[in-house]
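Q: Pasting a structure below so you can have a look.
The values are calculated or read from the model by the stated rules, or taken from the named source; none is laboratory data. Source: prediction; values computed, not measured. Glycine also receives a Cβ, built like all others from the backbone with ideal geometry; neighbour counts cover every protein chain displayed. The accessibility values were calculated without ligands, DNA or RNA, using every heavy atom of the protein model including side chains. Shrake-Rupley method; radii C 1.70, N 1.55, O 1.52, S 1.80 Å.
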Amino acid sequence: MTPATCKLELTITGMTCANCVRAVERTLLKKTPGVLSANVNFATEKATIEYSSPQTSPVQIIASIQRVGYGAVQAPPPDFLQTHLQDQVRKFWIGVTFTVPLFLLSMGRDLGIWGDWSHHLWVNWCMLILTLPVQFYVGGDYYVGAWKSLKNGTANMDVLVALGSSVAFCYSLTVLFRPSLGHHLYFETAAMIITLVKLGKLLEAKAKSHTSAAIKTLIGLQPKTARVIREGVESDISIESVLVGDLLLIRPGEKVPVDGVVWEGQSAIDESMLTGESLPVSKQVGDTVFGASLNKLGLLKIQATKVGAETTLAQIIRLVQQAQGSKAPIQQVADQVSNIFVPTIVLLALLTLLMWWLIIGAGFTEGMIRMVAVLVIACPCALGLATPTAIMVGTGKGAERGILFRNSEALEQAHRLQVIVLDKTGTLTTGTPVVTDIVVGTSLFTEAEVLRLAACAERGSEHPLGEAIVKLANSRQLWLEIPQEFEAISGQGIVATVGGRRVAVGSLRFLATATSTDSTFLETERKRLQQAAKTVIGVVIDSQLAGLIAIADTLKEGATEAVAELHRLGLRVLMITGDNQATAQAIAMEVGIDQVLAEVLPEGKAQAIRRLQEETRGLVGMVGDGINDAPALAQADVGMALGTGTDVAMETADITLMRGDLRMISQAIGLSQATMRTIRQNLMWAFGYNVLLVPIAMGVLYPFTAVPMLFRSLHPALAAGAMAFSSVSVVLNSLRLRRVK
């Protein structure tokens with residue numbers, strides 16, 4: 001975004017279906033100057049808007065939304081949505097209170113249960129009195145919503161509900177005043193339609209609340225207070241008052257309040273909230289700890305490095321909310337259908353009335369009842385919920401497992417990948433050189449002596465290979481002394497005096513001038529080790545070639561298993577690296593890589609990804625560490641960053657894999673597949689429901705006497721119940737994603 005472009009997030013109230021989403025988006029994009037983009041999510045009831053600050057402001061944008069009849073709140077109070085839900089619950093129970101006796105009175109009269117008194121005129125007036133609160137108080141929201149929708153030139157769910165219940169109510173009211181027009185009243189039908197639709201919306205809202213359970217869980221992880229040490233005094237303060245640089249005390253069993261660095265102490269930290277990994281991680285002085293992780297064992301003092309919105313947990317919450325609020329490309333299908341859905345249903349309802357009244361000759365009443373059934377049973381709610389609810393559950397499930405999707409498009413695209421390109425250093429390998437082999441070339445020295453003397457000599461070196469030798473010696477608890485003399489020859493090796501012995505460590509070419517021995521055995525071993533993609537250095541002690549030390553950037557745990565899993569998913573797996581072809585090929589063969597792109601400089605990785613996209617004509621995914629691979633991650637159709645939630649990784653990659661475990665790549669793709677499968681099921685149900693039940697409501701089964709009368713003549717009340725069930729079933733199907741392994 002340019003400096004003049006701002007981003008605004010709003011909570012939208014009053015939306016009842018996908019057509020409401022279209023109305024708000026159209027208002028923002030076409031009737032609000034300065035709005036550059038607008039994305040409204042029906043499931044989350046959130047709008048994400050980009051606008052030009054010189055042309056408009058949040059106040060003007062909110063006013064524009066309110067003018068077309070919807071509510072918009074920039075920072076709603078914590079109980080805002082709960083208050084709205086309580087209002088709907090109250091209206092539902094009022095509807096039940098009046099509808100149940102109305103239904104019993106009407107149906108009892110029709111079945112002859114109540115006797116002759118139930119046919120008196122005063123009973124009809126009692127029915128009207130029972131209907132009025134339901135029709136105009138409980139159903140008032142639908143009338144208001146229908147009026148706003150029609151005023152904006154659209155037609156939403158409220159139009160169908162208001163139209164269907166009003167036809168039944170107005171017909172009954174007409175018969176009440178002019179009995180010559182008919183004998184049967186349908187007040188109970190009008191009331192039941194509204195009450196059942198209200199029940200469906202409440203069940204839908206309750207089910208939708210479960211789709212955002214992951215966000216609520218993440219937010220609930222944040223500690224409320226922190227114990228800070230200032231000027232030597234300990235005190236408990238609110239988490240909002242913690243400053244960068246503060247020294248914090250965390251006791252065993254307490255949560256880490258903010259991101260920081262261990263200042264004093266050591267412990268094991270449960271970071272499952274961040275990475276999905278249940279095993280605690282050992283922490284000591286200098287290690288990074290993350291806010292909301294749990295201190296399991298020791299007492300820790302940490303120095304705060306990130307607070308508030310800058311903590312890793314806050315970034316994760318923001319990323320998940322962003323993904324849940326975004327609109328997946330597949331949603332366009334539902335949007336296009338909902339654009340013409342309601343007008344089409346209204347037209348079909350009118351045709352149903354005319355067909356049964358004038359063509360079939362069943363009478364106006366029969367035609368009217370069938371028309372109401374058509375209006376009520378067809379609802380675009382399920383279409384509006386089919387995609388966003390599945391996206392919400394899918395992204396939430398991913399966050400629980402340490403898989404963060406930047407947006408819903410990434411979640412959708414991941415399952416379509418055909419090629420995966422893995423960076424080598426830091427992705428396939430640990431990125432840290434370690435000693436893998438020590439070969440002793442003479443009986444004059446043991447393996448421990450060769451390692452100890454080489455490590456002593458390397459204590460004065462800052463080279464990564466030297467650090468690997470010293471680290472191994474320390475891990476074996478060998479006694480290391482400080483060299484008396486030390487000389488580093490750039491790019492070749494070092495020479496030092498250790499305990500009176502002359503020790504040289506470096507390349508074999510360099511050491512050829514420092515040794516008087518020639519070992520055919522060591523030459524054979526050198527070739528073997530180099531063919532295994534290992535760096536081989538020699539150790540010369542007092543002009544004697546004592547042995548070889550092989551150092552390699554080792555494969556990450558599970559790398560071979562991860563590549564095999566990607567193959568099982570049908571993907572072609574490539575490796576990209578700056579190493580020479582021989583070294584790269586050796587690693588590729590070890591893990592089962594299909595193709596190697598070797599000797600590629602960091603700046604050439606993005607171009608290599610672009611060539612692959614052109615050659616394969618399919619989607620290409622790139623997996624890297626999210627920092628030096630940023631251009632390639634951005635070029636790929638789906639970029640995945642392995643790591644521990646670095647800022648650059650989250651900002652660059654489409655998917656961030658918090659644990660840095662290669663096996664999470666297939667998990668992310670698997671979650672994408674499961675989510676898209678659920679979305680397709682939802683859309684098939686939403687479309688199929690209307691394709692099947694609207695004709696039934698119109699009466700296509702009436703001629704078939706073998707079919708139960710329940711389906712041959714679908715009552716509007718049953719239609720209202722079926723409509724409510726359609727929306728709830730879509731949400732419940734999406735919730736099944738929470739059980740995906």
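Q: Just the number, please: carbon plus sulfur as a percent of the accessible area of region 604-741, 1.4 Å probe, no ligands or DNA/RNA counted.
A: Carbon with sulfur: 61 percent of the solvent-accessible area.
Q: Right, something else. Check the straight Cα-Cα distances from Lys424 and name the lysines below 30 Å, setting aside those fewer than 8 residues away within the same chain.
A: Lys283, Lys397, Lys471, Lys527, Lys534, Lys556, Lys605, Lys741
Q: Between Lys151 and Lys216, what's the calculated FRET efficiency when r is the beta-carbon distance and R0 is 45 Å? Round to 0.05.
A: With R0 = 45 Å, the Cβ-Cβ based efficiency is 0.80.
Q: I would also like to ask the following. Can you work out the FRET efficiency for the pair Glu462 and Glu9, with r the C-beta to C-beta distance and R0 = 60 Å, to the nearest 0.05?
A: 0.80
Q: Can you give the calculated 222 nm mean residue ellipticity of the chain, where each DSSP H run of n ≥ 4 adds -39,500 (n - 2.57) and the sum is split over every residue, rounded to the nearest 500 deg cm²/dmol?
A: Estimated from H runs of four or more residues: -15500 deg cm²/dmol.
Q: Among Leu411, Leu422, Val256, flag the residue with its Cα farthest along the positive direction of the charge dipole of the chain, charges on Cβ as +1 for Lys/Arg and -1 for Asp/Glu.
A: Checking the options against the dipole of the chain, the answer is Leu411.
Q: What is the extension gain from Met355 to Glu449, computed as 0.36 nm multiplied by their sequence separation minus the C-alpha to C-alpha distance, in nm to one decimal?
A: Extra length from Met355 to Glu449 when fully extended: 23.8 nm.
Q: Assigning unit charges at the beta carbon (Lys, Arg +1; Asp, Glu -1) and nothing else, what dipole magnitude in debye, to the nearest 20, does the chain show about its Cα centre?
A: For this selection, approximately 2700 debye.
Q: Residues with beta-carbon under 14 Å from that of Tyr137, excluding Tyr137: net charge, scoring Lys, Arg +1 and Asp, Glu -1?
A: Spelling it out: positives minus negatives among the neighbours equals +1.
Q: Run the quick spin-label model on Gln581 and Ser241: label points 7 Å from Cα toward the beta carbon, then report their separation in nm to one decimal.
A: The two pseudo-label positions are separated by 6.7 nm.
Q: Label points 7 Å out from Cα along the Cβ direction at Lys224 and Leu569: separation in nm?
A: Computed distance between label sites Lys224 and Leu569 equals 4.1 nm.
Q: Which FRET efficiency value, to the nearest 0.05, do you get for Thr497 and Ser282 by plugging their Cβ-Cβ distance into 1/(1 + (r/R0)^6) with R0 = 35 Å?
A: With a Förster radius of 35 Å, E is 0.40.
Q: Now for a different question. If ligands, DNA and RNA are left out, what is the accessible area of Ile587 with a 1.4 Å probe, given in Å² to the nearest 10?
A: The accessible area of Ile587 comes to roughly 20 Å².
Q: Return the carbon/sulfur percentage of the accessible area of region 15-136, one whole number, probe 1.4 Å, all protein chains in place.
A: Of all accessible area on region 15-136, carbon and sulfur atoms account for 65 percent.
Q: Also, quick follow-up: What nm distance separates the two modelled labels at Met107 and Ile62, each placed 7 Å from Cα along Cα→Cβ?
A: Each label point is offset 7 Å from its Cα along the Cβ direction, giving 4.7 nm.
Q: How much accessible area per residue does the chain have, counting only protein heavy atoms and a probe of 1.4 Å, in square angstrom?
A: Dividing the accessible area of the chain by its residue count gives 45 Å².
Q: With every protein chain in place, what's the accessible area of Asp116 (1.4 Å probe, Å², nearest 10)?
A: About 130 Å², rounded to the nearest 10.
Q: Sticking with this one: Exactly which chymotrypsin sites (Phe, Trp or Tyr not before Pro) in region 698-741 are in a DSSP loop and have at most 12 other Cβ atoms within 10 Å?
A: When the chymotrypsin sites (Phe, Trp or Tyr not before Pro) of region 698-741 are filtered for loop state and at most 12 Cβ neighbours within 10 Å, Phe704 remain.
Q: Picking from Ala552, Ser293, Leu104, whose Cα lies most toward the positive end of the charge dipole for the chain (charges on Cβ: Lys, Arg +1; Asp, Glu -1)?
A: Projecting each Cα onto the dipole axis, the largest value belongs to Leu104.
Q: Enumerate by residue number the trypsin sites (Lys or Arg not before Pro) in region 551-650 meeting two conditions: DSSP loop (anything except H, G, I, E, B), and at most 15 other Cβ atoms within 10 Å of the site's Cβ.
A: Arg617
Q: Between region 428-466 and region 42-103, what is the separation of their alpha carbon centroids in Å?
A: 67
Q: Let me ask something additional. Rank Trp147, Trp263 by accessible area, highest first, at a 1.4 Å probe radius?
A: Trp147, Trp263
Q: Right, another one. How large a share of the accessible area of region 171-283, in percent, is made up of carbon and sulfur atoms when the probe is 1.4 Å and the other protein chains stay in place?
A: 59
Q: Where a ≥ b ≥ c are the square roots of the eigenvalues of the C-alpha gyration tensor, would you call region 432-522 rounded, which needs a/c under 1.5, or, failing that, prolate if a/b is larger than b/c, or oblate?
A: It is rounded, given that a/c, with a ≥ b ≥ c, falls under 1.5.
Q: On C-alpha positions alone, give me the angle between the axis of helix 58-67 and the longest principal axis of the chain, in degrees, nearest 10.
A: 30
Q: Further question: Hey, for a label at Phe711 modelled as a point 7 Å past Cα toward Cβ, could you say which residues of region 366-407 have their backbone N under 20 Å away?
A: Counting only backbone N, you get 370-371, 373-379.
Q: I want to make sure I understand the PRE zone here: with the label point 7 angstrom from the Cα of Lys31 toward its beta carbon, which residues in region 154-190 have backbone N atoms less than 20 Å away?
A: Counting backbone N atoms under 20 Å from the label point, the list is 154-160.
Q: Subtract the Cα-Cα distance of Arg617 and Gln418 from 0.36 nm times their separation in residues, and report this length gain in nm to one decimal.
A: Between Arg617 and Gln418, full extension yields an extra 70.7 nm.
Q: Please compute the length gained on full extension between Ile94 and Val700, using 0.36 nm multiplied by the number of residues separating them and subtracting their Cα-Cα distance.
A: Taking Ile94 through Val700 to full extension adds about 214.6 nm, to one decimal.
Q: A follow-up question, please. Which of the listed residues, Gly232, Thr305, Gln585, is farthest toward the dipole's positive end in the chain, when Lys, Arg count +1 and Asp, Glu count -1 at the beta-carbon?
A: Sorting the options by dipole projection puts first Thr305.
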